[in-house]
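The block underneath contains the structure these notes are about, expressed in structure tokens.
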Amino acid sequence: AICNQNIGQIYLEQGNYKKCIEIYNDVIKLHALDENIDGVASAYSSIAGTYAQMKDTAKANYYFDKAIKVFKKTENFLELATAYTDASSLEKDISKRIEIKLKAQKIWDEYSPSHLASSTNLSNLGLEYFNIVKHNLYDNIKNTPTIPQSKEQLLQKSKSYYTLALKYSKEQNFTSNYAAQNGLLAELEAYMGDYKNAFEHYEIYTSLKDSIYSQDNKN
């Protein structure tokens with residue numbers, strides 16, 4: 001099952017989605033033989049991610065829902081948080097998208113706050129709050145008590161999420177995440193008029209980005 005899961009991932013990276021889904025269905029059958037329901041649910045998540053790449057939101061949501069139900073039942077909280085994090089990107093409504101990301105982050109904070117997916121989810125939350133201000137989406141968050149309604153609060157919320165994401169990425173040496181998050185924070189600080197810190201974070205972003213792409217080219 002694990003070998004097939006890895007083969008499916010290769011097909012996904014190649015863009016051969018049909019073959020990828022075939023392989024993941026084989027993974028489901030193999031896990032089912034061992035009555036490994038968490039393994040089956042992980043394969044559901046993989047299929048959901050594949051349909052997300054194919055822009056088939058309905059099928060992606062269908063398989064994410066199947067995975068989430070199993071992970072709740074088995075109390076597999078890290079996989080549950082991962083499924084929530086991935087599924088949130090499919091939601092078009094920004095309030096609902098933030099709600100799902102917050103649900104995921106609550107689990108990450110309790111069980112594995114410095115996980116790579118936690119760091120990514122935090123920076124995505126920061127971006128959501130910033131986008132509300134930047135794109136004037138205040139009407140989209142009306143009557144949503146969990147989301148601040150003022151510009152100042154939204155920007156501060158965004159900065160706090162970016163800062164925490166950066167902390168975890170630095171601690172765990174998530175270089176690619178750390179680079180991107182410095183870029184996001186730089187943009188936010190420039191928007192807020194904090195040009196000194198914006199310049200410092202932008203410098204980190206550009207130097208790391210150049211280093212990453214240089215290494216990618218060598219590889």
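Values quoted throughout were computed directly from the atomic coordinates according to the rules given, and no laboratory measurement underlies them. Everything numeric in this text was worked out from a predicted model, so none of it was measured. A quick note on method: Cβ atoms are made from the backbone with ideal geometry, for glycine too, and the neighbour counts reach across all protein chains shown.
Structure values in brief
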item	result
Region 63-117: Rg to Rh, with Rh as the Kirkwood radius over Cα pairs	0.96
Potential lengthening between residue 175 and residue 9 on full extension [0.36 nm per residue; Cα-Cα distance subtracted]	57.5 nm
Set of aspartates and glutamates with alpha-carbon distance to residue 106 below 19 Å, sequence-local pairs under 8 removed	65, 75, 79, 86, 91, 128
Distance in nm between pseudo-label sites at residue 214 and residue 140 (7 Å out along the Cβ direction from Cα)	3.8 nm
Cα-Cα over 27 Å, subset of 73/159; 18/73; 170/196	73/159; 18/73
Only Lys, Arg (+1) and Asp, Glu (-1) charged, at Cβ; region 74-164 dipole about Cα centre in debye	380 debye
Projected area averaged over orientations for region 91-219, convex hull of C-alpha atoms, nm²	8.6 nm²
Rg and Dmax of the chain, Cα atoms only, in Å	19.0, 59
Between region 7-44 and region 72-132, the alpha-carbon center distance in angstrom	23 Å
Gain in span if fully extended, residue 34 to residue 196, counting 0.36 nm per residue against the direct Cα distance	52.6 nm
Order by protection proxy (mean Cβ within 10 Å, highest first), peptides 121-130, 15-24	121-130, 15-24
Violating pairs (Cα-Cα greater than 20 angstrom) within the set 103/157; 167/218; 92/142; 19/55; 72/101; 55/134	167/218; 55/134
FRET efficiency estimate (nearest 0.05) - Cβ-Cβ, residue 96 to residue 56, R0 22 angstrom	0.70
Orientation-averaged projected area, Cα convex hull of region 10-56 (nm²)	2.9 nm²
